[in-house]
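Asks: To start, I am sharing the structure in question, which I have written as structure tokens.
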Amino acid sequence: MRWASLLAVFAAAKLLLLWDRRIEWSAWTPIAYFWQDAAVALLFALLDRFARRAWLGWTLYALAAGYAAINVPIARAISSPLTWPMLRAVHGTLADSIIHYATWGNLAALLAMGAAAVGFPIVFYRAGADRWAAAPLALVPLAALGPFASARVETLGLERNPLAALALTAMPRVAATSVVRDWRASPLETIERDELSHYRGTCSGRNVMLVVLESAAACYLRPYGAAQDPMPNLTRLAGEGLLVENAYVVYPESIKGLFALLTSTYPAFDTAPEEYERAGESSLATQLAGEGYRTGLFHSGRFMYLGMEAIIRGRGFETLEDAGDIGGNQESSFGVDERATVERMLAWIDADPQDRPFFITYLPIAGHHPYATPEPGPFGGGEEIDQYRNALDYADQALGELLAGFGERGLERETLLVVLGDHGQAFGQHEGNHGHTLFLYEENVHVPLVIWAPGALAGPARMSGVASGVDIAPTVLDLLGLGAPAGYQGRSLLQGSPGMALFFTDYSLGFVGLRDGRWKFIHQLDDGRSKLFDVASDPAERVNLAGRHPQRAAAYRRHLLDWLGAQRGLIQRGG
């Protein structure tokens, strides 16, 4: 009876999740979506039979049914059950985002699931389900056919049972290797363009300011073709400096992306932030400190979020300050207002007699879900995308105040400013794609990148080649006329096209991808599906060309799988 009740609870949860989704229908569809639920129920039936303790069976039933209920509103919001990486991310700093989903609809879903968990055992008891001793065996064919059905129906991970998803993502999905290769080199072709070598050394001796915008996707910004302009200060910088048209993050989440920016080293699949404490080449801050620079990192959020401390400690920053050090006029679970951080950075600059240059990394939080701002913004409408644009506008105001502070101090022509997004943000452009961490579409990984240095970079200039987050550190050093460590995996953008951009995500489903010229390739590790897009003619990534170009897709897939294994081995060795 307990196994049948649990299977019914799983089925009810799945139906609530799929209620308003677009589903690919075929004879395989029911099996594809429900086979994992059947497999977990079958496993529960075996455990329950061998335990031979009714109280233990009911305890396990209550825990499994309760966990399934909790996952319903979560999966409806983000199109994924909780995974092991997600559980690591659930922290007090995300309280505001979690509270945002405490809606009446989600509460109703939880209550419905609670009623189902209590009601199904009663129904099956009255139906005499205790007499169905051999009935669990009927689940074996369904569980066995599941993988075949999943290969024929694209479910985007919605077939996953929440318990199975948690268990499977707690185990490594990529094996470490020791392969050494130039991972940026295309396995098919190399396109050299955007000759920018004349900028080398033009910023020698300048201060350096690195601004890493929170959740800023290129597609919502005017310099990248958006109709609206939520960041006019960034638009002005793009018109006066170098705009990189095709810049990509290596990972659609802040912490591992920051590791790549600072150390010019890719993160690795299925690795916790704590594993990066001893990994990576000498950071940009360490390199500049060795050249006599003052170094500081200022974060409007909190360093305890997602293991950030393991990424930034021991990376060459003399000063490290987050929301707790800065304070502010408005506070949230995620941090403090941007104006307070800007004022603190300018005070830090003023505190030095200015007999040596400085390097500041500024990590704002404006733009992070739930897109709250201290005051109303210019975009009305009440939709989530409008709130997001208002958050970007607020971040842009802070950027404007920072630039004004530089102007008042006569630092504009003495500073190299690099502004980029830490990752993008999705609003349902593709099925199930909300937020930023779960997929690798353009709205997730394509970010703005502007380099501004009045008197050194004659703008407006545009670079159309592909760039990656690992290219930031070597590019800054090249502009300053300094050499980069030999172990950097990125390349200076001034040497021409640095090659392909590689990226991955492992928060839920495992995706790995690349951008190579006009081609964008995404491979899903879990089901082996691949997608190939010509983003020059199909920027919205609607037409999958993998079937028309099988050799290209196969070459990209081999290259990416080799890269994942090699990078995991490198990080594990502390390289």
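The values are calculated or read from the model by the stated rules, or taken from the named source; none is laboratory data. None of these values were measured; they are calculated from a predicted model. Positions of Cβ are backbone-derived with ideal geometry, glycine not excepted, and every protein chain shown enters the neighbour counts. Each accessible area value is taken on the protein alone, full model and side chains, heavy atoms only, with ligands, DNA and RNA left out. Shrake-Rupley method; radii C 1.70, N 1.55, O 1.52, S 1.80 Å.
Asks: Sort 345-353, 207-215 by packing, meaning the average of other beta carbons within 10 Å per residue, with the highest value first.
Replies: Top to bottom by mean Cβ count within 10 Å: 207-215, 345-353.
Asks: What accessible surface, in Å², does a 1.4 Å probe find on Thr373, ignoring ligands, DNA and RNA and rounding to the nearest 10?
Replies: 40 Å²
Asks: Under 14 Å Cα-Cα from Lys14, which aspartates and glutamates qualify once same-chain neighbours fewer than 8 residues away are excluded?
Replies: Asp37, Glu159
Asks: Which angle between 0 and 90 degrees, to the nearest 10, do you get for helix 54-78 versus the longest principal axis of the chain when only C-alpha atoms count?
Replies: 40 degrees
Asks: Still on this structure, I have one more. Excluding Trp84 itself, what net charge comes from residues whose Cβ is under 15 Å from its Cβ, given Lys and Arg +1 and Asp and Glu -1?
Replies: In short, -3.
Asks: How do His446, His198 stack up against each other in accessible area, from largest to smallest, with a 1.4 angstrom probe?
Replies: Values: His446 25, His198 120 Å².
Result of the area sort, largest leading: His198, His446.
Asks: Next question, about the same structure. If you roll a 1.4 Å probe over the chain with all protein chains in place, what percent of the accessible area is carbon or sulfur?
Replies: 58 percent
Asks: Can you tell me the orientation of helix 384-408 relative to the chain, as the angle in degrees between its alpha-carbon axis and the longest Cα principal axis, to the nearest 10?
Replies: Tilt of helix 384-408: around 20 degrees.
Asks: Go ahead and estimate [θ] at 222 nm for the chain from helices alone: -39,500 (n - 2.57) per DSSP H run with n ≥ 4, summed, over the residue count, rounded to 500.
Replies: So the calculated ellipticity at 222 nm is -12500 deg cm²/dmol.
Asks: Step through the residues of the stretch 553-559 one at a time and calculate ³J(HN,Hα) from phi using the Karplus curve (6.51 cos²θ - 1.76 cosθ + 1.60, θ = phi - 60°), rounding each to whole Hz and writing x for Gly and Pro.
Replies: Per-residue couplings from phi come out as 4, 5, 5, 5, 4, 4, 4 Hz.
Asks: Loop only per DSSP, at most 14 neighbouring Cβ atoms within 10 Å: give me the GluC sites (Glu not before Pro) in the stretch 364-441, ordered by residue number.
Replies: Taking the stretch 364-441 and a limit of 14 other Cβ atoms within 10 Å, the loop GluC sites (Glu not before Pro) found are Glu383, Glu431.
Asks: I would also like to ask the following. Sort all Cα-Cα distances of the stretch 441-575 into consecutive 10 angstrom bins from zero, then give the percent of pairs in each bin up to the one containing the longest distance.
Replies: 10, 36, 33, 17, 3, 0
Asks: Right, here's the next one. Pull out the extension gain between Arg21 and Arg313, defined as 0.36 nm times the separation in residues minus the alpha carbon to alpha carbon distance; nm, one decimal.
Replies: Length gained, Arg21 through Arg313: 100.8 nm.
Asks: For Met500, Met1, give me the order by solvent-accessible area with a 1.4 Å probe, most accessible first, ignoring ligands, DNA and RNA.
Replies: Working: Met500 0, Met1 35 Å².
Largest accessible area first, the residues go Met1, Met500.
Asks: Where does the charge balance sit around Asp516 when Lys and Arg score +1, Asp and Glu -1, over other residues with C-beta under 12 Å from its C-beta?
Replies: Details: positive: Arg184, Arg515, Arg518, Lys520, Arg552; negative: Glu189, Asp534.
Neighbour charge sum, excluding Asp516 itself: +3.
Asks: What ranking do 293-300, 521-528 get when scored by the average of other Cβ atoms within 10 Å per residue, highest first?
Replies: Ranked by mean Cβ neighbours within 10 Å, highest first: 293-300, 521-528.
Asks: Sticking with this one: In the stretch 504-531, whose amide N lies under 18 Å from the spot 7 Å out along Cα-to-Cβ of Glu189? List them in ranges.
Replies: Within reach of a label on Glu189: 514-522.
Asks: Accessible area per residue of the stretch 372-501 at 1.4 Å probe, in Å²?
Replies: Counting only protein heavy atoms, the per-residue value for the stretch 372-501 is 29 Å².
Asks: From the C-alpha gyration tensor of the chain, pull out the three semi-axes of the equivalent ellipsoid (sqrt of 5λ each), sorted largest to smallest, in whole Å.
Replies: Details: eigenvalues 414, 137, 91 Å².
Semi-axis lengths for the chain are 46, 26, 21 Å.
Asks: Stretched out fully, how many nm does the piece from Ala77 to Ala272 gain, at 0.36 nm a residue minus the Cα gap?
Replies: Using 0.36 nm per residue and subtracting the Cα-Cα distance, I get 67.8 nm.
Asks: Sort Ser150, Ser464 from largest to smallest accessible area, using a 1.4 Å probe on the heavy atoms of the protein chains.
Replies: Ser464, Ser150
Asks: Ok, one more. If you take every residue apart from Arg173 with its C-beta less than 9 Å away from the C-beta of Arg173, what net charge results, scoring Lys and Arg +1 and Asp and Glu -1?
Replies: Net of charged neighbours comes to -3.
Asks: Further question: Compute the helix-to-body angle for 2-18: its Cα long axis versus the longest principal axis of the chain, expressed 0 to 90° and rounded to tens.
Replies: That works out to roughly 40 degrees.
Asks: Give the long-range amide H neighbours of Val208: residues separated by 5 or more places, or on another chain, with amide H under 5 Å away, using H modelled in the peptide plane at 1.01 Å from N.
Replies: So Val208 has HN proximity to Phe358, Phe359, Ile360, Leu416.
Asks: Moving on. Sorted by packing (mean other beta-carbon atoms within 10 Å per residue), highest first, where do 387-394, 59-66, 244-251 land?
Replies: Averaged packing, sorted descending, gives the order 244-251, 387-394, 59-66.
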